[in-house]
Amino acid sequence: MLRIRSLASLAMLTLAGTLVNAGLGHAQNGPIKILVGLPPGGAVDIAARLVGEKLQGSLGQPVVVENKPGASTRIAVQSLRASEPNGQTLLVAPDAVVTLFPHVFKELGYDPFKDLTPISQILHWSYGFAVPQASPAKTFPEFVALAKTDPKFAFYASPSTGSQQHILGLQLGNFIGVKLDHVPFKGAADAINALLSNSVPSAILTLGELTNLHQSGKTRVLATLTASRTADLPEVPTFAEIGYPQMQASGAVAMFGPAGMTPEMTERLSKAVQAALADPGVKAKILQMGMEARSSTPQELDNLGRAELARWGDAVKASGYVPE
């Protein structure tokens, strides 16, 4: 009888080990840490927390979000890169870590396709150009006139150096014939505070971050980088409408793991993220942020990253940005 029990116990341990290696079941049952390379309060951080809360329930594992701001998210990427590929350390970040950063940083410190495992897209966003409520510019042509005649207006804020917003601002300066100097911050929340306090004359941020501020009269969105006017800001023209058709862009937030994760583990996490984003409550909260919940398979995210890498490469060249 003792021998039968021992053999049964050994069989159960062997099966558990098989499930661990396959990335199935709850073998990796320790807490999941989601790294965010930006401060709390911005869209990326909120998206990570919304998804993390759902993952905690569906995966049966504690989930914590750890903010590691600095170096335009690259500190968080390096932490992910150094972690074990056991599904317990993940990264939620703007897609720029794959699509843009290879073009704007000489010392990137990672290979976006060799050192990261794509898991799922999380949300999609569009951009707007805004000025403080106290700005004398009521339209974008008025802002251009101010920037041409008074250097103190020829600045714009973005969430970080090397961000999509940073490159878009350089492009915009080329189109209007004015050198717009970049004012980087450590995340969107700081850039928003600077805009609200009239510390910067303009900013390029996501519409999710700007819409409520515009509607409440705290800031003024002068133009959007969308193909058509948005339902939330029907009175705000697109850049295409006012003569700058090249100024169209959008971005995304996605989840990544370290290199070396098994396909089974990656698929398990991806399906959990997809389920989280299908939740009506999560979708509603992301919509309230002025953004769209949008999931993907790992392969779809990889394909998108490769296509956008080429597109942003062209944009960086056109902007005149010199890699740092």
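The values are calculated or read from the model by the stated rules, or taken from the named source; none is laboratory data. Since we're looking at a predicted model, the values are computed, not measured. For neighbour counting, all protein chains shown are included, and Cβ atoms are generated from backbone atoms with ideal geometry for every residue, glycine included. For the accessible areas, the whole protein counts, side chains as well, though only heavy atoms, and no ligand, DNA or RNA atoms are used. Shrake-Rupley method; radii C 1.70, N 1.55, O 1.52, S 1.80 Å.
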Considering residues that are at pLDDT below 95 and hydrophobic (A, V, I, L, M, F, W, C), the number found within segment 124-148 is 1
Exactly one of Gly281, Gly187, Gly243, Gly257 is without any contact (Cβ under 8 Å) to a residue 12 or more places away in the chain and under 30 Å from Gln61 (Cα atoms), and that one is Gly281
The condition from (1) assigned to a loop (DSSP other than H, G, I, E, B); (2) among the charged types (D, E, K, R); (3) out of contact with any Ser or Thr (no Cβ under 8 Å at 6 or more places or on another chain) that Lys148 misses is numbered (1)
Within segment 154-181, residues farther than 21 Å from Pro39 by Cβ, crowded, with 17+ Cβ neighbours inside 10 Å and either free of Cβ contacts under 8 Å to residues at least 24 places away in the same chain or among the polar types (S, T, N, Q) (or both) come out as Gln171, Gly173
Checking Glu209, Glu235 in turn, the sole residue that is acidic (Asp, Glu) and open to solvent by 70 Å² or more (accessible area, probe 1.4 Å) turns out to be Glu235
Selection from segment 238-258 of residues surrounded by 20 or more Cβ atoms within 10 Å (Cβ to Cβ) and aromatic (Phe, Trp, Tyr) yields Phe239, Phe256
Conditions (1) in contact with a Leu (Cβ under 8 Å, 6 or more places away or on another chain); (2) polar (S, T, N, Q); (3) surrounded by fewer than 24 Cβ atoms within 10 Å (Cβ to Cβ); (4) closer than 20 Å to Ala134 by Cα -> Thr230 fails only (4)
Restricting attention to segment 183-206, the residues that are open to solvent by less than 70 Å² (accessible area, probe 1.4 Å) and basic (Lys, Arg) number exactly 0
Exactly one of His103, His124 is over 30 Å from Val282 (Cβ atoms) and not hydrophobic (A, V, I, L, M, F, W, C), and that one is His103
In the set Gly52, Gly70, Gly109, the lone residue that is more than 13 Å from the chain's Cα centre (by Cα) and farther than 18 Å from Val253 by Cα is Gly109
Is it fair to say Pro151 is open to solvent by 10 Å² or more (accessible area, probe 1.4 Å), out of contact with any helix residue (DSSP H, G or I) (no Cβ under 8 Å at 6 or more places or on another chain), modelled with pLDDT of 95 or more and more than 24 Å from Gly70 (Cα to Cα)?
yes
Residues in segment 291-307 that are over 12 Å from Thr117 (Cβ atoms) and open to solvent by 20 Å² or more (accessible area, probe 1.4 Å) total 10
Q: State whether one or more residues within segment 76-92 are modelled with pLDDT of 95 or more, surrounded by fewer than 15 Cβ atoms within 10 Å (Cβ to Cβ) and either out of contact with any helix residue (DSSP H, G or I) (no Cβ under 6 Å at 6 or more places or on another chain) or within 22 Å of Leu277 (Cα to Cα) (or both).
A: yes
Every listed condition ((1) modelled with pLDDT of 95 or more; (2) of a type outside the set (Gly, Ala, Ser); (3) not in a loop (DSSP other than H, G, I, E, B)) holds for Thr211 save (1)
From the option list Gly173, Gly177, Gly187, single residue qualifying as closer than 18 Å to Ile46 by Cβ and either touching a helix residue (DSSP H, G or I) at 6+ places or on another chain (Cβ under 9 Å) or modelled with pLDDT of 95 or more (or both) is Gly187
Among helices (runs of 4 or more DSSP H) entirely within segment 31-143, at least 2 residues that are among the aliphatic types (A, V, I, L, M) and in contact (Cβ under 8 Å) with a residue 24 or more places away in the chain occur in 43-59, 74-81, 96-99
**OP:** Please tell me if Met261 is closer than 28 Å to Gln88 by Cβ, crowded, with 20+ Cβ neighbours inside 10 Å and of a type outside the set (Gly, Ala, Ser).
**Re:** yes
Of the residues in segment 8-54 that are β-branched (Val, Ile, Thr) and at pLDDT 85 or above, the one that is farthest from Ile75 (Cα to Cα) is Val51
For segment 151-174, the count of residues that are of a type in the set (Phe, Trp, Tyr) and in a helix (DSSP H, G or I) equals 1
